[in-house]
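So the structure is just underneath, and the comments pick up after that.
The values are calculated or read from the model by the stated rules, or taken from the named source; none is laboratory data. Keep in mind it's a predicted model, so treat the numbers as computed, not measured. Cβ placement follows ideal geometry from the backbone for every residue including glycine, while neighbour counts extend to all protein chains displayed.
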Amino acid sequence: MTTESFEIKAYPEMWKDLGMDVERFDKMRLMLGEIFRKTYLSQKNRPLKMAYFDAMVAEIHGGRIKELLAAKAEGHPVIGTFCVYIPEEVVLAAGGVCVGLCGGSQGSIPDAEKILPRNICPMVKSAFGFKAGKICPYFQAVDFVYGETTCDAKKKCWEILDTMVPTYVMEIPQMKKQSDRTMWLHEVKEFKAKVEEIAGTTITVDTMNAAVKVMNGKRRALQRLNSLRHANPTPISGKDVLLVEQIAFYDEPIRFAAKVNELCDELEQRIARGEAVPSKDATRIMVAGVPMALPNWKLHNLVEGAGAVIVNEESCIGTRYYKDLMAEDGADMESILTELTKRYMNIDCSCFTPNDERMAQVVKEFRESKADGIIHYSLQFCHTYNIEEIRIRETCAKEGIPYMFIESDYSPEDVGQIQTRVEAFLEQIRG
Amino acid sequence: MFVGIDLGSRAIKVAAWEGDTVVDYQIKESGFEPHRQVEAMIARYHPCTVIATGYGRHLVKEYFDYAVITEIKAHAIGIHTLLPKATTIVDIGGQDSKVISLGDKGQVVNFQMNDKCAAGTGRFLEIMAASLAYPLSEFGSAALESTQEVQINSMCTVFAESEVISMKNRGVPRQHIARAVHASVADRIISMLNRVGFGDTVAFSGGVANNPCIVDLVRRRLNNVQVIVPENPSIIGALGASIEAARQGEKI
């Protein structure tokens with residue numbers, strides 16, 4: 001696919017059937033295509049196997065939506081989620097489809113601000129705005145949304161979102177005591193019952209075990225990709241890996257894992273040849289903090305635009321999603337669900353207190369990725385990550401890790417300042 | 001000849017460095033086509049090696065392919081060369097404010113920079129001066145004459161302006177309001193200094209260092225710390241860039 005010929009494909013008829021604001025959405029499609037061309041297709045020396053993921057972007061509002069609608073027509077439920085805490089295994093076991101919903105764009109924020117307060121998290125506003133403005137085909141295609149209680153903004157927005165699309169809420173504990181684990185197991189069971197009810201099916205030990213294998217396979221593929229990019233020099237840009245990680249949330253998991261593994265095979269050959277992206281001596285940066293929902297490429301674009309390369313995302317879009325696998329081939333449903341809750345309780349989201357394991361995890365990933373410095377990235381008004389940043393900063397100071405904190409949103413107005421700060425941080429690392 | 005260009009949000013500063021000294025400098029308003037302004041300003045130095053810094057550094061790189069460094073590094077080099085004892089720099093320009101902490105060799109070890117809003121920057125002072133009908137050049141000295149403590153609580157430029165207007169309408173004399181505006185900027189500088197940490201010698205750079213009231217108020221708030229202002233604080237960034245040009249020139 002050449003840079004000039006790339007476009008995000010339009011499906012106005014299908015969008016109309018989905019009840020979307022077609023005219024407005026088409027403008028957003030053109031803008032996204034333009035940004036993707038500038039941010040992605042202008043990169044030099046990309047792995048050839050990125051072509052699949054570029055095509056997934058081109059078909060983001062068409063091909064994949066068609067697949068979702070086909071699944072629905074066959075009676076499989078399509079569930080929209082916003083958090084790596086929602087157990088996808090359960091949805092897959094019921095024959096359903098799980099999609100992470102849109103929430104990374106400035107474009108839908110004005111729609112949200114017609115209703116919501118302005119001073120809340122941009123990811124919550126962006127996601128909400130996509131539904132309020134009817135400008136996201138995924139939101140239009142889902143049977144229902146399964147939210148969670150990982151932050152106050154989301155928790156209260158579900159109540160309003162429920163008036164536009166059926167929204168169920170799963171309670172995520174805020175601590176990891178035994179009583180919290182018991183409550184969480186209970187929540188997972190309720191989630192399973194709800195999914196079964198909507199799918200009109202019963203999840204069996206066999207279908208559950210099969211789903212666990214699918215998710216483990218997907219997570220293993222992402223782990224493999226992440227460990228290959230840790231090579232020095234790295235064979236792939238941080239932007240490209242981020243894109244793969246973002247697509248993980250809406251692609252079909254078996255096909256996705258196969259395509260990630262194909263990309264990994266190519267990266268192994270690149271490593272053997274000593275190929276470097278962008279260059280052998282590029283400063284290596286690890287990003288830690290909040291997730292970057294598609295198309296939030298702002299920080300990666302600035303860092304890599306300054307000649308450095310991002311080699312790890314300690315984030316829900318990155319390792320927090322795929323670092324943990326779960327035990328396979330469980331004997332009965334109770335033990336499978338217990339294993340599943342254990343696996344999910346390893347997620348070190350800042351919504352937990354205390355969250356000491358995250359400090360150790362950040363240092364571990366810094367060492368594994370052979371990074372030269374860490375940028376902690378938080379979205380505005382994300383209290384838990386913004387405050388936990390203090391402990392990450394202290395940990396980095398103690399470990400002698402060059403560190404910088406950036407708090408931002410999706411708007412372009414602070415790009416100049418962030419660019420200066422990023423470049424100064426790189427100068428500081430390079431000495 | 002080694003030339004540093006600092007394209008700030010309000011002004012373009014150029015410094016020429018030769019041997020071990022500044023041989024020439026210029027300060028002009030940025031205008032609408034800063035690259036043309038730059039071209040005119042450096043015409044007299046040919047042949048020369050140039051490094052650009054400041055908010056518009058990438059524009060210059062695009063037009064003339066000069067190397068760039070950030071203003072953070074440029075101010076660190078400039079201040080360390082002029083005032084080697086300085087441990088910390090407070091740089092307040094037209095649209096941003098920074099605190100830079102220096103290592104033994106003058107290298108940047110830490111820094112803080114304001115984010116997207118204009119609070120506590122030169123632009124903030126400019127808007128407040130206009131709102132109180134002072135020419136910018138007299139704003140600091142007028143504020144120095146006031147001894148009365150009144151307080152502005154908002155750091156947001158827009159909110160602070162409404163506070164200023166309401167004070168005017170309550171009959172508060174304007175030099176007291178002017179002093180309150182300066183005190184709010186000084187408080188913000190102190191809070192940034194506390195975040196980064198500072199040693200025994202704090203140097204000022206950037207255009208706002210020309211404002212005597214800001215410097216005085218910061219001095220009063222820092223006990224046992226020497227606060228120094230170089231002779232020409234506006235050109236420190238350009239000076240640092242010119243010295244870096246000389247260093248890189250020597251390497252080649």
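Looking at B:LYS61, B:LYS13, B:LYS73, just one residue is in contact with a strand residue (DSSP E or B) (Cβ under 8 Å, 6 or more places away or on another chain), more than 15 Å from A:THR420 (Cβ to Cβ), basic (Lys, Arg) and not assigned by TED's automatic domain parsing to the domain that holds B:MET192, and that residue is B:LYS13. Out of all the residues in segment B:193-203, is one or more in contact (Cβ under 8 Å) with a residue 12 or more places away in the chain, closer than 17 Å to B:ARG123 by Cβ and buried (at least 18 other Cβ atoms within 10 Å of the Cβ)? Among the residues of segment B:193-203, not one is in contact (Cβ under 8 Å) with a residue 12 or more places away in the chain, closer than 17 Å to B:ARG123 by Cβ and buried (at least 18 other Cβ atoms within 10 Å of the Cβ), which makes the answer no.
Please indicate, with yes or no, whether at least one residue in segment A:330-345 is surrounded by fewer than 18 Cβ atoms within 10 Å (Cβ to Cβ), of a type in the set (D, E, K, R), more than 18 Å from A:ASP180 (Cα to Cα) and over 19 Å from the mean Cα position of the chain (by Cα). For segment A:330-345, residues surrounded by fewer than 18 Cβ atoms within 10 Å (Cβ to Cβ), of a type in the set (D, E, K, R), more than 18 Å from A:ASP180 (Cα to Cα) and over 19 Å from the mean Cα position of the chain (by Cα): present. Taking segment A:325-431 as the region of interest, the helices (runs of 4 or more DSSP H) fully inside it that hold 2 or more residues being within 14 Å of chain B (Cβ to nearest Cβ) are A:383-399, A:415-430.
Note on segment A:232-275: residues that are within 13 Å of the chain's Cα centre (by Cα) and not in a helix (DSSP H, G or I) amount to 4. Would segment A:156-170 turn up any residue that is within 16 Å of A:ARG343 (Cβ to Cβ) and at pLDDT 95 or above? Yes, segment A:156-170 contains a residue that is within 16 Å of A:ARG343 (Cβ to Cβ) and at pLDDT 95 or above. Only a single criterion out of (1) within 12 Å of chain A (Cβ to nearest Cβ); (2) touching a Phe, Trp or Tyr at 6+ places or on another chain (Cβ under 8 Å); (3) of a type in the set (A, V, I, L, M); (4) closer than 19 Å to B:ILE12 by Cα is not satisfied by B:VAL38, namely (1).
Across segment A:227-246, the number of residues qualifying as touching a helix residue (DSSP H, G or I) at 6+ places or on another chain (Cβ under 9 Å) and farther than 18 Å from A:ALA257 by Cα comes to 8. The number of residues in segment B:63-88 being without any contact (Cβ under 8 Å) to a residue 24 or more places away in the chain and not hydrophobic (A, V, I, L, M, F, W, C) comes to 3. Might you check whether a residue that is in contact with an Asp or Glu (Cβ under 9 Å, 6 or more places away or on another chain) and at pLDDT below 90 occurs anywhere in segment B:177-193? Looking through segment B:177-193, none of the residues is in contact with an Asp or Glu (Cβ under 9 Å, 6 or more places away or on another chain) and at pLDDT below 90. For residues in segment B:95-107 being crowded, with 22+ Cβ neighbours inside 10 Å and over 14 Å from B:ARG188 (Cα atoms), which is farthest from the other protein chains (Cβ to nearest Cβ)? Looking at residues that are crowded, with 22+ Cβ neighbours inside 10 Å and over 14 Å from B:ARG188 (Cα atoms), I get B:LEU102.
Is it true that B:GLN112 is more than 13 Å from the chain's Cα centre (by Cα), within 14 Å of chain A (Cβ to nearest Cβ) and at pLDDT below 95? Yes, satisfied. Residues of segment B:149-192 that are assigned to a helix (DSSP H, G or I), touching a residue at least 24 places away in the same chain (Cβ under 8 Å), polar (S, T, N, Q) and within 16 Å of B:GLY120 (Cα to Cα): B:THR157, B:SER184. Can you confirm whether A:GLU23 is assigned to a loop (DSSP other than H, G, I, E, B) and without any contact (Cβ under 8 Å) to a residue 12 or more places away in the chain? No. With respect to the conditions (1) touching a residue at least 40 places away in the same chain (Cβ under 8 Å); (2) part of a loop (DSSP other than H, G, I, E, B); (3) over 20 Å from the mean Cα position of the chain (by Cα), A:ARG118 lacks only one, and its number is (1). Within the option set A:ILE254, A:ILE160, being surrounded by fewer than 19 Cβ atoms within 10 Å (Cβ to Cβ), of a type in the set (A, V, I, L, M) and farther than 30 Å from A:PRO47 by Cα holds for one residue only, A:ILE160. The listed residues are A:GLU7, A:GLU23, A:GLU34, and the only one of them that is in contact with a Leu (Cβ under 9 Å, 6 or more places away or on another chain) and acidic (Asp, Glu) turns out to be A:GLU7.
Please work out if A:LYS44 is surrounded by fewer than 18 Cβ atoms within 10 Å (Cβ to Cβ) and either part of a loop (DSSP other than H, G, I, E, B) or on the phi > 0 side of the Ramachandran plot (or both). Answer is yes for this residue. Residues of segment B:117-156 that are crowded, with 17+ Cβ neighbours inside 10 Å and within 14 Å of chain A (Cβ to nearest Cβ): B:CYS117, B:ALA118, B:ALA119, B:GLY120, B:THR121, B:ARG123.
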